[in-house]
Amino acid sequence: MPLERLNFLGLRNLAALDMRPGPGINLITGANGSGKTSLLEGMHVLGMARSFRTQKLKHAIAHDADAVTLHGRVAGDPPVALGVRRARDASELEIRLDGERGVRVARLAEALPLQLINPDAFRLLEGSPAARREFLDWGVFHVKHEFFEAWRRVRRALKHRNALLRHDRIDVRSMRVWEQELAHWSELLDALRSEYMAQFAKAFEDTLHELLPFSGLSLRYYRGWDKQRGLLEVLEGGRDTDRQMGFTQQGPQRADLRLRIGKRAAVEELSRGQQKLVVSALKLAQGRLLDELTGRTCVYLIDDLPAELDVTHRRIFCHWLERLRCQVFITSVEREALANAWQSETDVAMFHVEHGRLLTE
């Protein structure tokens with residue numbers, strides 16, 4: 001469901017903001033440093049309870065403000081009200097959902113599925129496995145109801161096992177309890193990831209074909225431990241080496257997505273421009289699959305698209321967004337850079353940011 005209203009206060013260089021975005025394409029233009037990316041950042045915090053620009057949200061608070069306060073309303077019957085506040089002298093976020101306090105981040109993410117495409121996203125292929133794992137888990141979380149509980153249980157069991165590994169003497173009895181717990185929930189988590197990947201691979205292949213007709217590229221899921229053995233056997237056999245390292249070396253926390261051309265990593269074969277197209281296909285495919293499996297659409301936040309794709313692929317990318325019929329926020333320095341990217345019948349809501357103030361065009 002799309003965002004139908006946004007109210008931001010105390011966010012970086014943005015003035016107090018009251019925005020009524022369109023349900024489809026929203027183009028936000030403005031000079032560098034005007035506040036365009038800050039607007040996307042506010043939406044990202046509203047749906048994910050974290051920024052994509054800083055690890056500490058207090059750094060996003062305007063210099064003359066005591067707090068950053070973000071409110072949004074997601075269209076629906078009834079609409080859903082979201083709220084996130086971070087005071088400068090507080091240690092934690094205040095999160096609200098329809099007025100309810102103390103809401104988990106997972107409920108925010110469920111209420112407002114977001115996909116971010118910015119320069120950092122285009123490094124998905126060459127970055128760490130953690131980024132690709134997060135990308136994968138975003139998709140599984142939104143289509144598999146059992147995922148969050150399995151993911152939470154895995155993290156808990158892994159934390160306890162790692163703590164035991166760092167003790168002077170291993171408590172074998174306690175170790176076995178947590179290894180059994182970790183193995184049980186990890187097997188379930190792996191099954192959910194595998195089921196999702198079987199569906200996602202086809203959506204990715206179809207999307208990539210239009211953006212980059214490139215033969216020989218394969219997408220594979222690696223679960224994080226020996227595929228020939230159960231995790232419990234792996235954990236029991238690896239206690240000594242894990243103890244030396246001080247952490248659990250194999251398990252779902254090591255899962256990865258591997259894109260290859262033949263036997264080589266795709267990032268070693270593709271040009272920078274081709275890598276951007278592959279990442280674009282990954283992001284678009286997730287939106288397609290979410291719609292196909294749940295009937296829900298995600299909100300795309302796209303920072304400075306014209307700077308990342310050439311004119312031809314920019315147009316193909318924008319046509320895919322139109323076909324998804326989802327809400328999109330795109331920033332650009334110049335409106336003309338995307339003037340011919342849309343079909344003639346597409347309704348594009350135009351906004352301009354100037355010195356931190358949002359203007360409707």
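Here, each number is a calculation from the coordinates, and none is a lab measurement. Since we're looking at a predicted model, the values are computed, not measured. So basically every Cβ, Gly included, is an ideal-geometry build from the backbone, and we count neighbours across all protein chains shown.
Can you report the principal axis dimensions of region 176-248 using only the alpha carbons, biggest first, rounded to whole angstrom?
Extents along the principal axes: 50, 23, 20 Å.
Once both labels are modelled 7 Å past Cα along the beta-carbon direction, what's the Arg107-Ser91 spacing in nm?
2.3
Given contacts defined as C-alpha pairs under 8 Å and at least six residues apart, what's the relative contact order of region 88-228, whole-number percent?
Values: 58 pairs, mean separation 24.4, N = 141.
Contact order relative to length: 17 percent.
Starting from the alpha-carbon convex hull of region 124-167, give the projected area averaged over all orientations, in nm².
With the hull built on Cα positions only, its mean projection is 3.8 nm².
Where in region 276-358 are there trypsin sites (Lys or Arg not before Pro) that are in a DSSP coil and have at most 14 other Cβ atoms within 10 angstrom of their Cβ?
Numbers: sites: Lys276, Lys283, Arg288, Arg296, Arg314, Arg315, Arg323, Arg325, Arg335, Arg357; in loops: Arg296, Arg325.
Sparse-neighbourhood loop trypsin sites (Lys or Arg not before Pro): Arg296, Arg325.
In the structure shown, do any of Lys227/Lys263; Lys144/Lys276; Lys144/Lys283 have a Cα-Cα gap over 21 Å, and if so which?
The pairs that break the limit, which is 21 Å between Cα atoms, are Lys144/Lys276.
For region 84-179, what's the radius of gyration and Dmax over Cα atoms, in angstrom?
Final numbers for Rg and Dmax: 17.9, 49 Å.
Just the C-alpha atoms of region 1-68: what Rg/Rh do they give, with Rh taken as the Kirkwood radius? Mind showing how you got there, number by number?
Details: Rg = 12.0 Å, Rh = 12.7 Å.
Radius of gyration over Kirkwood radius for region 1-68 works out to 0.95.
Let me know the volume per residue of the alpha-carbon convex hull for region 136-229, in Å³.
Output value, Cα hull per residue: 126 Å³.
May I have the pair-distance distribution P(r) for the chain, computed from all Cα-Cα distances with 20 Å bins from 0 and rounded to whole percent?
Histogramming the chain at 20 Å steps yields 27, 55, 18, 0 percent.
Under the rule of -39500 (n - 2.57) per DSSP H run of 4 or more residues, summed and divided by the residues of the chain, what mean residue ellipticity at 222 nm is obtained, to the nearest 500 deg cm²/dmol?
Value at 222 nm, helices only: -13500 deg cm²/dmol.
Provide, in order from the shortest bin, the percent of all Cα-Cα pairs of region 1-122 in each 5 Å bin, continuing until the bin that contains the maximum pair distance.
Result returned by the calculation: 2, 11, 22, 26, 21, 13, 5, 1.
Relative to a virtual label point 7 Å from the Cα of Ala67 in the Cα→beta-carbon direction, which members of region 1-32 show backbone nitrogen distances below 20 Å?
Label zone hits: 6-19.
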